[in-house]
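As structure tokens, the structure follows; a few thoughts come after it.
The values are calculated or read from the model by the stated rules, or taken from the named source; none is laboratory data. Keep in mind it's a predicted model, so treat the numbers as computed, not measured. Because the Cβ atoms are built from the backbone with ideal geometry, glycine has one as well, and the counts that use them run over all protein chains shown.
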Amino acid sequence: MTTQSHDVLIIGSGAAGLTAALALAETKKVLVLAKGSLTGGSTAWAQGGIAAVLDAGDTFENHIRDTMIAGAGLNRRETVEFVIENAPASIERLIELGVPFNRESGDLHLTREGGHSHRRIVHVNDATGWAVQEALLNAAQANPNITLLPGRSCVDLITGRHGEKFSGEGRVWGAYALNEETGEVETHTAKATIMAAGGAGRVYLFSTAPRGATGDGIAMAWRAGCRVSNMEMMQFHPTCLYNLEVKNFLITEAVRGEGGHLLHPETGHRYMVDYDKERMELAPRDIVARANDDQIKRYGLDYVHLDISHQPPEFVKEHFPTIHEKLMGLGIDMTKQPIPVVPAQHYTCGGILIGLDARTDLPGLWAAGECTESGLHGANRLASNSLLECFVFGEAAAKDILENWDDLSDPPAIKDWDESRVTDSDEEVVIKQNWTEIRRFMWNYVGIVRTTKRLERAAHRIKLLREEVDDYYGHFRVTTDLIELRNLLQSAELIVKSALARHESRGLHYTLDYPETDSEARDTVLVP
Ligand code: FAD
Ligand code: SIN
């Protein structure tokens, strides 16, 4: 297999990857690789919208303050300012690409979500992500400088140690990628590589994230030598549909933003009054998710109720057509009855540590989107700030690469992927078994409410599985399932290590052993 060389390699075709690709493609040849289909990431599933200050009565300072309150002070203020001040320009670019945001009398319609002091979420009904994904993809497909290759699972980043001649550990020169159709591992080199491979939500048994959210980008960057930070900050969404057939369907926070109430399913008590009297259902997500979890555990419930049936039926159908249709198919009419909901993992706040220029620790590697920890979200992401982060940091990565292009050298000769010592697996069941085991103990031991004992149990399981997975990886040809299992395990290890290192409760990390919040906010930074 010969090496294929590109100007820039981007791993991931979601909001972050495609934003970067479009910004680079005026002058550079860009290759975008995606695992499975080009629309398989979280971007296509986003419902609520994108936060931006667009109303005359709102200010950047309001949005900054809301972001930092939700983030429990762990945010880096310069990142928060950078992203929020760039938000209106990002929305403008999306409008130019043809994203049909909802409007009211000509102006953009702004909805509201938890933790936001103002209406500031632009949206396309309740399926914003799909509209964004489609617009970005159409533009990328029409651009002759962008090549999109779906069906490629990247296995690892290529660094100096993969050179025909050793050329230093640190510098990244591209990635090895499994061609899911042929089973061959291809060598893709580039002067610059951008990691935009999304989050690690599927490390949990219940998650709103799509199947491919297995932390591949974070794990690959970690193995190559990047620091990762705040991996204990895993966000759980309060309202995932409870249904025995459909396991990961989100009910957008905008339902609460437009007046939905959370109710005890037997007594009808609007219980948020007992947890956050002021903000009720629109308290930040960590507070509402913990309240739902508490109700379910305290009263032995299977779910709680989310009710918007007091609003006029036409209003509900107009604002939430996708959810309404989906629920009608399951026999639930949200205009007349409450929706059964449970909390589920939703977003990975931690990740590869990056600066405002989207640079990672390694020369040649930039990163953007959910696989990163940029300092925007801190200990808890404010709703609808993550697509925004993808646009701003996708642009930032492209800008930095273009500004420094002349200093980037050509990749050296790289060794092909070595398969001489592996065979086809004769025991695929090992992968399935371990995958399920990880997701189950992460849910039970590393969930919404933690204890040191439970975290230690999880760490012990990870240690045992590590031996088994490494042994399997060393003996058998790679498949997407094996790549994902290895990365899930790596992500689980990083989450548990980070959670054990934080001796306080802050934002999404809530532990019964350290219930207080320290006076000083500190990042948990893991060094490979
Ligand atoms: P993704 O869109 O997840 O894309 C990742 C890409 O990487 C994919 O193309 C994938 O194929 C590729 N990839 C992964 N691993 C590999 C590999 N090994 N090799 C090659 N390619 C790989 N945020 C908001 O701001 N507003 C919302 O309303 C909102 N709603 C949401 C609703 C749901 C149900 C979910 C799950 C999330 C929601 N979010 C929302 C979060 C937001 O959608 C994500 O954070 C964001 O889309 C992430 O974009 P990304 O480009 O970083 O990654
Ligand atoms: C939602 O629509 O509730 C999700 C919004 C987000 O995750 O930002």
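Does Leu244 satisfy the criteria of being under 24 Å from Lys326 (Cα atoms), modelled with pLDDT under 95 and over 18 Å from the mean Cα position of the chain (by Cα)? Against the criterion (under 24 Å from Lys326 (Cα atoms), modelled with pLDDT under 95 and over 18 Å from the mean Cα position of the chain (by Cα)), Leu244 qualifies.
Criterion applied to Val83, Val8 was being away from ligand 2 (no atom under 16 Å from the Cβ), at pLDDT 95 or above and not in a loop (DSSP other than H, G, I, E, B), and the one residue passing it is Val8.
Of all residues in region 46-67, those being surrounded by fewer than 21 Cβ atoms within 10 Å (Cβ to Cβ) and not in a loop (DSSP other than H, G, I, E, B) number 5.
Cβ separations smaller than 9 Å between residues 6+ apart or across chains give the following pairs from region 161-176 residues that are at pLDDT below 85 to residues that are more than 16 Å from ligand 1 (Cβ to nearest atom) and of a type in the set (Ser, Thr, Tyr): Arg161/Ser167; Ser167/Thr159; Gly168/Thr159; Glu169/Thr159; Gly170/Thr159. Among the residues making up region 83-138, those that are of a type in the set (S, T, N, Q) and in contact (Cβ under 8 Å) with a residue 24 or more places away in the chain are Asn86, Ser90, Thr111, Ser117, Asn125, Thr128, Gln133, Asn138.
Filtering region 325-340 to residues that are surrounded by 23 or more Cβ atoms within 10 Å (Cβ to Cβ) and either aromatic (Phe, Trp, Tyr) or in a strand (DSSP E or B) (or both) leaves only Ile339.
Contact map, region 237-252: first residue closer than 21 Å to Cys349 by Cβ and within 8 Å of ligand 1 (Cβ to nearest atom), second residue assigned to a loop (DSSP other than H, G, I, E, B) and among the small types (Gly, Ala, Ser), Cβ cut-off under 6 Å, separation 6 or more or different chains; pairs are Thr252/Gly48.
Annotation: of all residues in region 238-256 being surrounded by fewer than 24 Cβ atoms within 10 Å (Cβ to Cβ) and within 17 Å of Thr128 (Cβ to Cβ), the one that is farthest from ligand 2 (Cβ to nearest atom) is Phe249. In a residue-by-residue description of region 317-329, the property of being of a type in the set (Phe, Trp, Tyr), under 25 Å from Arg439 (Cβ atoms) and modelled with pLDDT of 95 or more applies to no position. Just to be sure before I move on: is Ala20 assigned to a loop (DSSP other than H, G, I, E, B), crowded, with 18+ Cβ neighbours inside 10 Å and more than 16 Å from ligand 2 (Cβ to nearest atom) in the structure I sent? In short, no. Among the conditions (1) closer than 23 Å to Leu178 by Cα; (2) surrounded by fewer than 18 Cβ atoms within 10 Å (Cβ to Cβ); (3) within 26 Å of the chain's Cα centre (by Cα), the only one that Asp471 does not satisfy is (3). Scanning region 1-23 for residues that are over 12 Å from Thr147 (Cβ atoms) and among the aliphatic types (A, V, I, L, M) yields Met1, Ile11, Ala15, Ala16, Leu18, Ala20, Leu22, Ala23.
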